[in-house]
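The values are calculated or read from the model by the stated rules, or taken from the named source; none is laboratory data. This is a predicted model, so every value here is computed, not measured. Please note: Cβ atoms are built from the backbone with ideal geometry, for glycine as well, and neighbour counts cover all protein chains shown.
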Amino acid sequence: MEDKEFSSINVIPLVDIMLVLLTIVLITATFVVQGSIPVNLPKASKKHEEALKSLEIVLTKEGRVFFEGREVSLKELEKILESLEPTTRIIIAGDREANLQSLVSLLDILKRKGFERVSIRTEVGA
């Protein structure tokens, strides 16, 4: 029996592996984009999308405040807000188990600085 010459490569298994790797990368990338500060958002009946650029303030259940991903105190937040225009959109992502006083203190600072375009991020639920 003659040895068959190696004339072609079967690339189908390689394509299958590459598609699996691409799927894993895309799924992982969607988790990374959602943010790194874990909070359980409260639920709302309707979803309102804001397409314009806005700044995010995160309130954890322990009462810690994060502005654009960086932990700040309420006094630091007040100084940061002084440098912003009052027409800036601000989204508050507060944990549903957060202390109500923490939220009221945060909203009080925003009101004193004249911010009127403030919304609270929620999950869409049934």
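Of the conditions (1) of a type outside the set (A, V, I, L, M, F, W, C); (2) in contact with a helix residue (DSSP H, G or I) (Cβ under 7 Å, 6 or more places away or on another chain); (3) farther than 17 Å from Pro38 by Cβ, Pro86 satisfies every one except a single condition; which number is it?
Going through the list (1) of a type outside the set (A, V, I, L, M, F, W, C); (2) in contact with a helix residue (DSSP H, G or I) (Cβ under 7 Å, 6 or more places away or on another chain); (3) farther than 17 Å from Pro38 by Cβ, Pro86 breaks only (2).
Kindly indicate whether Ile57 is modelled with pLDDT of 90 or more, in contact with a Leu (Cβ under 6 Å, 6 or more places away or on another chain) and of a type in the set (A, V, I, L, M, F, W, C). Spell out the reasoning first.
Values: modelled with pLDDT of 90 or more: yes; in contact with a Leu (Cβ under 6 Å, 6 or more places away or on another chain): no; of a type in the set (A, V, I, L, M, F, W, C): yes.
Against the criterion (modelled with pLDDT of 90 or more, in contact with a Leu (Cβ under 6 Å, 6 or more places away or on another chain) and of a type in the set (A, V, I, L, M, F, W, C)), Ile57 does not qualify.
Residues being among the hydrophobic types (A, V, I, L, M, F, W, C), part of a loop (DSSP other than H, G, I, E, B) and at pLDDT below 70: count how many of those fall in the range 1-49.
Start the filter on the range 1-49 by keeping residues that are among the hydrophobic types (A, V, I, L, M, F, W, C), which leaves 1, 6, 9, 11-12, 14-15, 17-22, 24-27, 29, 31-33, 37, 39, 41, 44.
Right, trim to part of a loop (DSSP other than H, G, I, E, B) and you get 1, 6, 9, 11, 37, 39, 41.
Applying the additional criterion that residues be at pLDDT below 70 yields 1, 6, 37.
Adding up the residues that qualify gives 3.
I need a count of the residues in the range 56-73 that are of a type in the set (A, V, I, L, M, F, W, C) and over 17 Å from Leu41 (Cβ atoms). Walk me through how you get there before you give the answer.
Filtering the range 56-73 down to residues of a type in the set (A, V, I, L, M, F, W, C) leaves 57-59, 65-67, 72.
Checking the rest, the ones that are also over 17 Å from Leu41 (Cβ atoms) come to 67, 72.
Residues in the range 56-73 being of a type in the set (A, V, I, L, M, F, W, C) and over 17 Å from Leu41 (Cβ atoms): 2 in total.
Being touching a helix residue (DSSP H, G or I) at 6+ places or on another chain (Cβ under 8 Å) and under 15 Å from Glu56 (Cα atoms) is the filter here; which residues of the range 90-123 pass it?
Ile90, Ile92, Gly94, Leu106, Ile109, Leu110, Phe115, Val118
Which of the strands (runs of 3 or more DSSP E) contained wholly in the range 54-126 include at least 2 residues that are surrounded by fewer than 17 Cβ atoms within 10 Å (Cβ to Cβ)? Lay out the reasoning, then the answer.
Values: elements: 55-59, 65-67, 70-72, 90-94, 118-120.
Per the criteria, 55-59, 70-72, 118-120.
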